[in-house]
Amino acid sequence: MGTASRKLEDMVHELASIEVGLPGGETFESNLCLARLTELGTELWIDTGDLELARSVWKRELTSLTTNNTLANQVVQTGVMDEVIRKTAATLKDVAPGLSDQERVMEVGFVINCRLALRLVKAFHRKVSVELHPTISKNIEKTVYYGRRYYNICPEYFNIKIPLTPEGYLAVRRLGKDNIPINFTLGFSARQNYLAARLSNPDYVNVFLGRLNQVTVDNNFGSGINVGEKVTWATQKMLNEIRDKDPMVTTRLIGASIRNGEQVKALAGLDVLTVPPKAIQEFLDSGNSSLESGVGKEWTPGISSASERFQTLWDVTESFRSFVDILLGRSDIDSLTGADLLRTAEER
């Protein structure tokens, strides 16, 4: 890396950083409903970039937060980051006038995401998942590069959120070797997460269950009821089996894209739930503390008879497991590209 690049990195790092102080200060009350969830083994996160929204529902049982580029943009639209954006743009123009428009957007976005996440860290002193820009999701080198940069802003509190793509699998594998905590986001099936756990072993994988239910409805495949829930619990069962068999695999499951309080109840016992403030408030308002774990429960998905391909969302077949075994046995696995990974899968 050249001197100019290092100078730019250092400058952006300074713009992106704020002091978060020490834990202590503000205290939060406990909640019986959330306490019951934690008794069942579920860790609870809040899904928002909005500090005031998070504070309005925060309870002692909540342990982390997640943000993404969409949530960050919603906060930016309020104007709270206007001065930071102006200062960052002016500094970039002065220090690195040769940046392309895309490179400038990347650096401004980096500063915004870090600042928003650090505001949450400062308020709650909890881990925050920070998402990489989507334009680099198909580029292994840039994903690794920005993943390291985000982590270095706040190693104590940042999880790095990387989208699930062929390149993402391989980038996560590399970042994991640097002991960088990864939230491997945008997962939709048990087999996607099976591959992630065995190939890359990220700290967390996701099932976006609310989106699965909605896509089912939007495409007239059925009512969508319990589609995402079935996939989520199938994924949890699969991860439990992997972790029992191989102690080196520590990947945990996040139930994501939760839309309402009823889904929070249905997912009691899952590794982690990340819940928007509106849905967590709905769950709190229910006052339901007599929860039971959903582990082992059968879920009947609301799909039509013409939707037989939905089976691939929750089944991890022996042929797929065999494909992963063969992939892991390759001597060139750490030099594969995303296209190589995709081609290997298609061949199998």
- Note on the structure: The distance between the Cα centres of region 218-258 and region 67-125, in whole Å, is 33 Å
- Note on the structure: For Val275, other-chain or 5+-apart residues with amide H closer than 5 Å (H placed, Pro excluded) are Trp45, Ile46, Asp47
- Find which of Tyr150, Met11, Thr48 sits farthest along the positive direction of the dipole of the chain, computed with +1 on the beta-carbon of Lys and Arg, -1 on that of Asp and Glu, about the Cα centre. Met11
- Dipole of the chain, Cα-centred, from +1 at each Lys and Arg C-beta and -1 at each Asp and Glu C-beta, to the nearest 20 debye? 260 debye
- Message: Projecting each Cα onto the charge dipole of the chain (Lys/Arg +1, Asp/Glu -1 at the beta carbon, about the Cα centre), which of Gly255, Leu270, Pro97 comes out farthest on the positive side?
- Response: Pro97
- Among Ala171, Ala197, Ala90, which one moves the most in a GNM of the chain with springs linking Cα atoms closer than 10 Å? Ala90
- Query: Using a simple spin-label model with points 7 Å from Cα along the Cα→Cβ vector, what separation in nm is obtained for Ile18 and Glu141?
  - Reply: 3.5 nm
- Note on the structure: If each K or R counts +1 and each D or E counts -1, the residues other than Glu26 whose Cβ falls under 11 Å of its Cβ total +2
- Item | Computed [θ] at 222 nm, helices only, for the chain once each DSSP H run of length n ≥ 4 contributes -39500 (n - 2.57) | -16000 deg cm²/dmol
- For the chain, calculate the relative contact order in percent as a whole number, restricting contacts to Cα pairs under 8 Å that are 6 or more residues apart. 18 percent
- Item | Placed amide H near Thr42: partners under 5 Å, 5+ positions off or other chain | Gly269
- Query: So, with +1 on the Cβ of K and R and -1 on the Cβ of D and E, and no other charges, what is the size of the charge dipole of region 176-332 about its Cα centre, to the nearest 20 debye?
  - Reply: 160 debye
- Task: Would you mind checking Lys138/Lys265; Lys245/Lys297; Lys161/Lys237 for any pair whose Cα atoms are more than 30 angstrom apart?
- Result: Lys138/Lys265
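If I take every Cα pair under 8 Å that is 6 or more residues apart in region 10-94, average their sequence separation and divide by the length, what percent do I get for the relative contact order?
This gives 26 percent for region 10-94.
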- Tell me, in nm to one decimal, what length is gained between Asp340 and Asn240 on full extension, where the rule is 0.36 nm per residue of separation less the Cα-Cα distance? 33.1 nm
- Query: In whole Å, how far is the Cα centre of region 155-211 from that of region 127-151?
  - Reply: 11 Å
- Candidate lysines - alpha carbon under 27 Å from Lys93, same-chain residues fewer than 8 apart omitted: Lys7, Lys142
- Task: Take every Cα-Cα distance within region 244-348, group them into 10 Å bins from 0 onward, and report for each bin the whole-number percent of pairs it holds.
- Result: 11, 27, 30, 23, 9, 1
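Each value in this text was obtained by applying a stated rule to the coordinates, not by laboratory testing. Keep in mind it's a predicted model, so treat the numbers as computed, not measured. Here Cβ is always computed from backbone atoms with ideal geometry, including for glycine, and neighbour counts include all displayed protein chains.
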